[in-house]
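*Asks:* The structure under discussion is supplied below as structure tokens; questions concerning it will follow.
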Amino acid sequence: MKRILITGAAGFLGSHLCDRFIKEGYYVIAMDNLITGDLKNIEHLFALENFEFCHHDVSKFIHVPGELDYILHFASPASPIDYLKIPIQTLKVGSLGTHNCLGLAMAKGARILVASTSEVYGDPEVHPQTEEYWGHVNPVGPRGVYDEAKRFQEAMTMAYHTYHGLETRIIRIFNTYGPRMRLNDGRVLPAFIGQALRGEDLTVFGDGSQTRSFCYVDDLVEGIYRLLLSDYAQPVNIGNPDEITIGDFAEEIIKLTGTTQKVIYKDLPKDDPTQRQPNIDKAREILGWEPKVNRAEGLKITYDYFKNLPKEELYKKEHKDFEGYIRKQKAEMNG
Ligand code: UDP
């Protein structure tokens, strides 16, 4: 049985990856520090013999007993709201956490795939974004902690590949959605659906002309699976090129949910990218991959998931006591 370590396993993407690799017959070691992840996302796997959970922060030395064939490094806060609240942790998991995962991969002779992001392109001046584009990132802006950690992650991963011959894979993930997103993580889709379900107006930031391209989670997971098993070490974009303005997206959510609320406009956050659409030629050619689930289908599944959550989830303002978590980390370091 192949053994795989998944970091960030209790998060939105990590938990779907656990499901997929369990389904493929792997032994899955799920690691998470549970600061933005949630055990609820993986508790259905706890009884399985080929699944184990390890509560650990990958920014610290990682010890995994036994052999490992693969590592998927998906631990990181991934929404602008989260990384504004825990900026240092975001930098650490993308840099120190990646370094630890790469070191572990070396020690185990494992192949590692790291989760990068369309944020490495920043506010892009090339549209759609190809893997060859170097990006337009503000290192000291609010998104810098995430963007630069991910750019460092790519550099570090390529260095291990080039200088140590480590088998590495880099995926650049564009906006992805689906069940198990956190309702209160500030991302546009759970924000809009949460607002609709609570009977609040939908908050569009700026004039709503900025664009995003949303990929359904099952499509993304298929892309990750194929990239991991491929022999391609350069970065690959995975995302759905179907681009939409945030204003039009709000209208789609209003239709889908049947809410009678309206759109209200709020200030555009600093450095919010004006446009984003993946060029997926590489994924098509190298992996034979393209998205299969269109937005109407994916949104319906996702809306059904949110609709069926316990009512109190809808009104939770915070996921975690981030400040308490940081205090505890500092105390541990000093002690
Ligand atoms: N957005 C919005 N209203 C919200 C939350 C987000 O208009 O309540 C906008 C946000 O400014 C951005 C887009 O939706 O232009 C996508 O935001 P998200 O945080 O989901 O992802 P990212 O900006 O990282 O692509």
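The values are calculated or read from the model by the stated rules, or taken from the named source; none is laboratory data. This is a predicted model, so every value here is computed, not measured. Positions of Cβ are generated from backbone atoms using ideal geometry, with glycine treated the same way; all protein chains shown enter the neighbour counts. Areas reflect the complete protein model, heavy atoms only, side chains present, ligands, DNA and RNA absent. Shrake-Rupley method; radii C 1.70, N 1.55, O 1.52, S 1.80 Å.
*Asks:* Does Thr90 qualify as being away from the ligand (no atom under 16 Å from the Cβ) and at pLDDT 95 or above?
*Replies:* Against the criterion (away from the ligand (no atom under 16 Å from the Cβ) and at pLDDT 95 or above), Thr90 does not qualify.
*Asks:* Still on this model: Quickly run through the stretch 177-205 and pick out the residues that are in contact with a Gly (Cβ under 9 Å, 6 or more places away or on another chain), open to solvent by 20 Å² or more (accessible area, probe 1.4 Å) and either near the ligand (Cβ under 9 Å from one of its atoms) or farther than 19 Å from Gly258 by Cα (or both).
*Replies:* Arg180, Arg182, Asn184
*Asks:* Identify, please: which residue in the stretch 238-262 is farther than 23 Å from Gln195 by Cα and away from the ligand (no atom under 14 Å from the Cβ) and is, among those, most open to solvent (accessible area, probe 1.4 Å)?
*Replies:* Across the stretch 238-262, the extreme among qualifying residues is Asp242.
*Asks:* Being of a type outside the set (Val, Ile, Thr) and either within 8 Å of the ligand (Cβ to nearest atom) or surrounded by fewer than 19 Cβ atoms within 10 Å (Cβ to Cβ) (or both): is that true of Gly223 here?
*Replies:* Spelling it out, it is not the case that Gly223 is of a type outside the set (Val, Ile, Thr) and either within 8 Å of the ligand (Cβ to nearest atom) or surrounded by fewer than 19 Cβ atoms within 10 Å (Cβ to Cβ) (or both).
*Asks:* Among the residues of the stretch 306-327, are any surrounded by 15 or more Cβ atoms within 10 Å (Cβ to Cβ), in contact with a helix residue (DSSP H, G or I) (Cβ under 7 Å, 6 or more places away or on another chain), at pLDDT 95 or above and not in a loop (DSSP other than H, G, I, E, B)?
*Replies:* Yes: one or more hits.
*Asks:* Need pairs with beta-carbon distance below 6 Å; first residue more than 7 Å from the ligand (Cβ to nearest atom) and within the stretch 265-282, second of a type in the set (Val, Ile, Thr) and part of a loop (DSSP other than H, G, I, E, B); sequence gap 6+ or separate chains.
*Replies:* Asn279/Thr130
*Asks:* Looking only at the stretch 173-187, count how many residues are of a type in the set (A, V, I, L, M) and in contact with a Phe, Trp or Tyr (Cβ under 7 Å, 6 or more places away or on another chain).
*Replies:* Residues in the stretch 173-187 being of a type in the set (A, V, I, L, M) and in contact with a Phe, Trp or Tyr (Cβ under 7 Å, 6 or more places away or on another chain): 2 in total.
*Asks:* How about the stretch 107-161: which of its residues are within 16 Å of the ligand (Cβ to nearest atom), open to solvent by 30 Å² or more (accessible area, probe 1.4 Å) and free of Cβ contacts under 8 Å to residues at least 60 places away in the same chain?
*Replies:* His136, Val137, Glu148, Arg151
*Asks:* Scan the helices (runs of 4 or more DSSP H) fully inside the stretch 168-277 and keep the ones with 1 or more residues being over 25 Å from Glu313 (Cβ atoms) and within 16 Å of the chain's Cα centre (by Cα).
*Replies:* Values: elements: 188-198, 217-229, 246-257.
Qualifying helices (runs of 4 or more DSSP H): 217-229.
*Asks:* While we're looking at this one, here's another question. Limited to the stretch 32-82, what total is found for residues that are open to solvent by 20 Å² or more (accessible area, probe 1.4 Å), more than 16 Å from the chain's Cα centre (by Cα) and of a type in the set (Phe, Trp, Tyr)?
*Replies:* Residues flagged as open to solvent by 20 Å² or more (accessible area, probe 1.4 Å), more than 16 Å from the chain's Cα centre (by Cα) and of a type in the set (Phe, Trp, Tyr) within the stretch 32-82 amount to 4.
*Asks:* May I ask you to verify whether Thr90 is in contact with a strand residue (DSSP E or B) (Cβ under 9 Å, 6 or more places away or on another chain) and part of a helix (DSSP H, G or I)?
*Replies:* In short, no.
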